[in-house]
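A.B. asks: Below are the structure tokens for one structure; questions will follow.
The values are calculated or read from the model by the stated rules, or taken from the named source; none is laboratory data. Nothing here was measured: the structure is a model prediction, and the numbers come from that model. Every residue, glycine as well, gets a Cβ built from its backbone with ideal geometry; the counts of neighbours run over all protein chains shown.
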Amino acid sequence: EKQASPVLPAQRLMVVANRLPVSATRRPDGSWQLDLSAGGLVSALLGVKQNFETRWIGWPGLYVPDEAGRKSLQKALADKGCVPVFLDENTVDQYYNGYCNNVLWPLFHYIGLPTEDRLAATRSLQSQWAAYKRANEQFADTVLSQYQEGDVVWCHDYHLMLLPSYLKNHHTQMKVGWFLHTPFPSSEIYRTLPLRSEILRGVLAADLIGFHTYDYARHFVSACTRILGLEGTPDGVEDSGSVTRVAAFPIGIDPDRFTQALETDVVKTHIAELKARFAGRKVMLGVDRLDMIKGIPQKLLAFEKFLEENPDWINKVLLVQIAVPSRTDVPEYQKLTSLVHEIVGRINGRFGTLTTVPIHHLDRSLAFHELCALYAITDVALVTSLRDGMNLVSYEYVACQNERKGVLILSEFAGAAQSLGAGAILVNPWNVSDVAASIEDALTMSEAERAERHKHNFQHVTVHTAQAWADTFVSELNDTLVEAELRTLK
Ligand code: G6P
């Protein structure tokens with residue numbers, strides 16, 4: 001007779017990331033408004049629901065000066081399974097705006113800063129580095145206050161590269177994983193980073209280190225061999241006989257969240273409205289955080305070139321560009337906003353008529369149901385990042401295109417090019433003529449070819465989900481530790 005298998009308690013998973021899935025703002029009456037945070041990290045981790053009892057640890061996105069405010073926010077976040085790390089204003093400025101977003105972020109995306117900014121970063125290095133360490137220590141303290149033996153602690157991204165070593169210093173037995181959501185650059189680029197060794201050592205303390213693609217993992221291993229003089233092995237990095245496993249774990253989304261939303265009345269109503277509004281025109285879509293890595297100015301120039309070379313399309317095609325404000329305290333991001341506005345204005349002035357403009361540009365995020373409707377009704381998506389760890393907008397677009405079978409134009413410098421490359425039109429975003437030609441190809445592609453390409457991509461997006469990604473990472477982390485224990489028994 002078949003025995004019912006015992007129900008095991010779900011494994012406790014602590015997700016530690018700078019950004020919580022919700023960001024807080026304080027209403028005038030002192031109560032808290034919690035909104036979904038933007039970005040690939042959050043959109044992937046939201047898709048991880050089953051198999052784990054998950055707790056999030058992270059920064060709520062603002063400075064809370066008073067004890068009463070911190071207490072009430074803590075309570076509001078607890079209902080969402082979140083534990084806040086309260087950073088003071090100076091730390092946010094030096095750690096988040098400074099070291100994370102003005103030093104590590106551009107470097108990891110191969111973006112050269114203007115000389116002046118680079119010099120300023122060099123001058124502030126000591127204080128920014130001190131803040132980076134302080135913030136990582138604060139995250140470690142919060143993890144330790146929540147930790148129970150057997151928990152898996154999964155640290156995320158470039159903000160928390162010292163955290164694995166801080167945690168392991170306290171608990172050598174703790175299961176610690178670290179995953180990078182950005183590219184890891186070639187070691188030729190990485191080695192220009194002052195304090196490059198400390199950062200590598202911080203990460204190497206983890207039991208398992210993950211990247212989106214095999215290339216990023218390889219770059220990391222070569223940085224360890226070239227800078228720290230360690231041995232690279234097929235499995236990872238070896239240091240005095242012990243191996244830290246380094247591997248690729250391509251991330252995904254929760255496709256059901258999108259396909260199910262498309263069945264709801266609210267999204268269907270939006271779809272009908274948008275179709276009526278854009279009737280008679282093809283619609284192309286860009287959805288990006290307003291970030292230099294996303295290549296928004298280059299995308300606009302490519303669209304301008306397309307209209308210039310194909311005047312028949314003027315008035316017959318519209319580009320909807322959603323640019324979600326991001327890191328607005330960092331000067332580079334402010335400059336980018338003005339630049340984008342200037343280019344949009346010029347193109348609309350040049351090709352607009354009294355009743356239409358070719359670019360519909362929004363400086364804000366959309367509600368989820370609006371976004372799904374927009375994904376569903378557009379004929380072409382333009383993802384032209386100059387560099388991007390993965391880019392999940394491309395996945396979300398594919399998930400919403402079962403009916404229309406729209407075309408994805410995708411940068412070869414996004415991690416997603418390695419998974420959706422066969423179904424998308426791949427472009428070099430720096431080559432404006434190449435992108436302009438791809439726009440024409442996409443707009444005129446036969447239905448049969450669109451269906452074929454979409455089928456390939458949809459299959460990928462539904463199999464390689466966020467849940468599958470998390471399951472694989474955590475089960476490898478568990479295995480890595482079992483292997484380590486077996487080695488010590490030998
Ligand atoms: C990228 C990073 C994430 C980050 C997101 C949004 O996807 O990999 O760690 O959360 O951008 O940026 P923000 O600075 O607002 O958290």
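A.B. asks: Would you please list the contacts, defined by Cβ atoms under 6 Å and residues six or more apart or on different chains, that run from a residue in the stretch 83-105 that is closer than 17 Å to ALA140 by Cβ to a residue that is of a type in the set (Phe, Trp, Tyr) and within 12 Å of the ligand (Cβ to nearest atom)?
C.D. replies: Here the result reads VAL85/TRP59; LEU87/TRP59, each pair linking the stretch 83-105 to a residue that is of a type in the set (Phe, Trp, Tyr) and within 12 Å of the ligand (Cβ to nearest atom).
A.B. asks: Within the stretch 235-266, which residues are without any contact (Cβ under 8 Å) to a residue 40 or more places away in the chain, small (Gly, Ala, Ser) and part of a loop (DSSP other than H, G, I, E, B)?
C.D. replies: Correct list: SER240, GLY241.
A.B. asks: Oh, and also: What residue, among those in the stretch 252-279 that are among the hydroxyl-bearing types (Ser, Thr, Tyr) and closer than 22 Å to VAL461 by Cβ, is surrounded by the most Cβ atoms within 10 Å (Cβ to Cβ)?
C.D. replies: Keep residues of the stretch 252-279 that are among the hydroxyl-bearing types (Ser, Thr, Tyr), which gives 259, 264, 269.
Keeping just the survivors that are closer than 22 Å to VAL461 by Cβ gives 259, 264.
Numbers: THR259: 16, THR264: 12.
Of everything passing the filter in the stretch 252-279, THR259 is surrounded by the most Cβ atoms within 10 Å (Cβ to Cβ).
A.B. asks: Give just the number: which of (1) away from the ligand (no atom under 16 Å from the Cβ); (2) small (Gly, Ala, Ser); (3) at pLDDT 95 or above does ALA323 not satisfy?
C.D. replies: (1)
A.B. asks: Across the stretch 9-58, what is the number of residues that are out of contact with any Pro (no Cβ under 9 Å at 6 or more places or on another chain), part of a loop (DSSP other than H, G, I, E, B) and on the phi < 0 side of the Ramachandran plot?
C.D. replies: 10
A.B. asks: Next up: Being away from the ligand (no atom under 14 Å from the Cβ), at pLDDT 90 or above and either aromatic (Phe, Trp, Tyr) or closer than 14 Å to GLY81 by Cα (or both) is true for just one of ARG12, ARG27. Which residue is that?
C.D. replies: On the way: ARG27 fails: either aromatic (Phe, Trp, Tyr) or closer than 14 Å to GLY81 by Cα (or both).
Answer to the check: ARG12.
A.B. asks: Filter the stretch 141-163 down to residues that are among the aliphatic types (A, V, I, L, M) and either closer than 21 Å to PHE211 by Cα or surrounded by 23 or more Cβ atoms within 10 Å (Cβ to Cβ) (or both) and give me whichever is nearest to the ligand (Cβ to nearest atom). Steps first, answer last, please.
C.D. replies: Restricting attention to the stretch 141-163, the residues satisfying the condition of being among the aliphatic types (A, V, I, L, M) are 143-144, 152-153, 160-163.
Still in the list and also either closer than 21 Å to PHE211 by Cα or surrounded by 23 or more Cβ atoms within 10 Å (Cβ to Cβ) (or both): 143, 152-153, 160-163.
Details: VAL143: 17, VAL152: 19, VAL153: 17, LEU160: 9, MET161: 12, LEU162: 16, LEU163: 13 Å.
Only one residue tops the list, namely LEU160.
A.B. asks: Separate question: Sort out which residues of the stretch 267-283 are assigned to a helix (DSSP H, G or I) and within 27 Å of the chain's Cα centre (by Cα), and write them in order of number.
C.D. replies: Here is the first cut: in the stretch 267-283, the residues assigned to a helix (DSSP H, G or I) are 267-277.
Selection gives VAL267, HIS270, ILE271.
A.B. asks: Go over the candidates TYR166, TYR132 one by one and state the one that is surrounded by 17 or more Cβ atoms within 10 Å (Cβ to Cβ), closer than 21 Å to ASN102 by Cα, among the aromatic types (Phe, Trp, Tyr) and without any contact (Cβ under 8 Å) to a residue 40 or more places away in the chain. Walk me through it before giving the result.
C.D. replies: Working: TYR166 fails: closer than 21 Å to ASN102 by Cα.
After applying the criteria, what remains is TYR132.
A.B. asks: What do you reckon, is THR264 away from the ligand (no atom under 16 Å from the Cβ), of a type in the set (Val, Ile, Thr), more than 18 Å from the chain's Cα centre (by Cα) and closer than 26 Å to SER37 by Cβ?
C.D. replies: Details: away from the ligand (no atom under 16 Å from the Cβ): yes; of a type in the set (Val, Ile, Thr): yes; more than 18 Å from the chain's Cα centre (by Cα): yes; closer than 26 Å to SER37 by Cβ: yes.
So THR264 passes the test.
A.B. asks: Out of GLY232, GLY286, which single residue is surrounded by 23 or more Cβ atoms within 10 Å (Cβ to Cβ), of a type outside the set (A, V, I, L, M, F, W, C), part of a strand (DSSP E or B) and in contact with a helix residue (DSSP H, G or I) (Cβ under 8 Å, 6 or more places away or on another chain)?
C.D. replies: Numbers: GLY232 fails: surrounded by 23 or more Cβ atoms within 10 Å (Cβ to Cβ).
None of the others qualify; the one that does is GLY286.
A.B. asks: So if I check each of LEU41, LEU20, LEU36, which one is hydrophobic (A, V, I, L, M, F, W, C) and more than 19 Å from PHE139 (Cα to Cα)? Steps first, answer last, please.
C.D. replies: Values: LEU41 fails: more than 19 Å from PHE139 (Cα to Cα); LEU20 fails: more than 19 Å from PHE139 (Cα to Cα).
Criteria check complete, one pass: LEU36.
A.B. asks: Report whether or not ASP479 is touching a strand residue (DSSP E or B) at 6+ places or on another chain (Cβ under 7 Å), surrounded by fewer than 20 Cβ atoms within 10 Å (Cβ to Cβ) and of a type in the set (Asp, Glu). If you could, list the steps in order and put the result at the bottom.
C.D. replies: Values: touching a strand residue (DSSP E or B) at 6+ places or on another chain (Cβ under 7 Å): no; surrounded by fewer than 20 Cβ atoms within 10 Å (Cβ to Cβ): yes; of a type in the set (Asp, Glu): yes.
So ASP479 fails the test.
A.B. asks: For the condition surrounded by 20 or more Cβ atoms within 10 Å (Cβ to Cβ) and aliphatic (A, V, I, L, M), what is the one hit in ILE209, ILE189? Before the answer, list the steps.
C.D. replies: Details: ILE189 fails: surrounded by 20 or more Cβ atoms within 10 Å (Cβ to Cβ).
Just one listed residue meets the conditions, ILE209.
A.B. asks: Moving on. Of all residues in the stretch 31-76 being away from the ligand (no atom under 16 Å from the Cβ) and under 23 Å from VAL152 (Cα atoms), which is farthest from the chain's Cα centre (by Cα)?
C.D. replies: Of the residues in the stretch 31-76, the ones away from the ligand (no atom under 16 Å from the Cβ) are 31-33, 49-55, 64-76.
If we keep only those that are under 23 Å from VAL152 (Cα atoms) as well, we get 49-55, 74.
Details: LYS49: 18, GLN50: 21, ASN51: 23, PHE52: 22, GLU53: 23, THR54: 19, ARG55: 19, GLN74: 25 Å.
Filtering the stretch 31-76 for residues that are away from the ligand (no atom under 16 Å from the Cβ) and under 23 Å from VAL152 (Cα atoms), the one farthest from the chain's Cα centre (by Cα) comes out as GLN74.
A.B. asks: Checking the condition over 30 Å from ASP312 (Cβ atoms), assigned to a helix (DSSP H, G or I) and at pLDDT 95 or above, which residue from GLN467, GLN459 passes? Break it down stepwise before answering.
C.D. replies: On the way: GLN467 fails: at pLDDT 95 or above.
The match here is GLN459.
A.B. asks: Can I ask one more? Return a yes/no flag: does the stretch 164-176 have any residue that is closer than 27 Å to ARG118 by Cβ, part of a helix (DSSP H, G or I), over 18 Å from the mean Cα position of the chain (by Cα) and away from the ligand (no atom under 16 Å from the Cβ).
C.D. replies: Just the residues of the stretch 164-176 that are closer than 27 Å to ARG118 by Cβ, to begin with: none.
Among the residues of the stretch 164-176, not one is closer than 27 Å to ARG118 by Cβ, part of a helix (DSSP H, G or I), over 18 Å from the mean Cα position of the chain (by Cα) and away from the ligand (no atom under 16 Å from the Cβ), which makes the answer no.
A.B. asks: Could you say whether any residue in the stretch 341-350 is within 16 Å of the ligand (Cβ to nearest atom) and in contact with a helix residue (DSSP H, G or I) (Cβ under 9 Å, 6 or more places away or on another chain)? Let's see the steps before the verdict.
C.D. replies: Going residue by residue through the stretch 341-350, those that are within 16 Å of the ligand (Cβ to nearest atom) are none.
So far as the stretch 341-350 goes, no, none of its residues is within 16 Å of the ligand (Cβ to nearest atom) and in contact with a helix residue (DSSP H, G or I) (Cβ under 9 Å, 6 or more places away or on another chain).
A.B. asks: Something else about it: Select, from GLY229, GLY241, the only residue that is at pLDDT below 95 and not aliphatic (A, V, I, L, M).
C.D. replies: Values: GLY229 fails: at pLDDT below 95.
GLY241 is the lone residue from the list that is at pLDDT below 95 and not aliphatic (A, V, I, L, M).
A.B. asks: Among PRO106, PRO84, PRO60, which is the only one that is closer than 24 Å to TYR147 by Cβ, crowded, with 17+ Cβ neighbours inside 10 Å and in contact with a Gly (Cβ under 9 Å, 6 or more places away or on another chain)? Let's see the steps before the verdict.
C.D. replies: Values: PRO106 fails: closer than 24 Å to TYR147 by Cβ; PRO60 fails: in contact with a Gly (Cβ under 9 Å, 6 or more places away or on another chain).
Being closer than 24 Å to TYR147 by Cβ, crowded, with 17+ Cβ neighbours inside 10 Å and in contact with a Gly (Cβ under 9 Å, 6 or more places away or on another chain) holds for just one of PRO106, PRO84, PRO60, which is PRO84.
A.B. asks: Let me ask another. Select from the stretch 77-110 the residues that are within 14 Å of the ligand (Cβ to nearest atom), of a type in the set (Val, Ile, Thr) and not in a helix (DSSP H, G or I) and list them in ascending order.
C.D. replies: Selection gives VAL85 alone.
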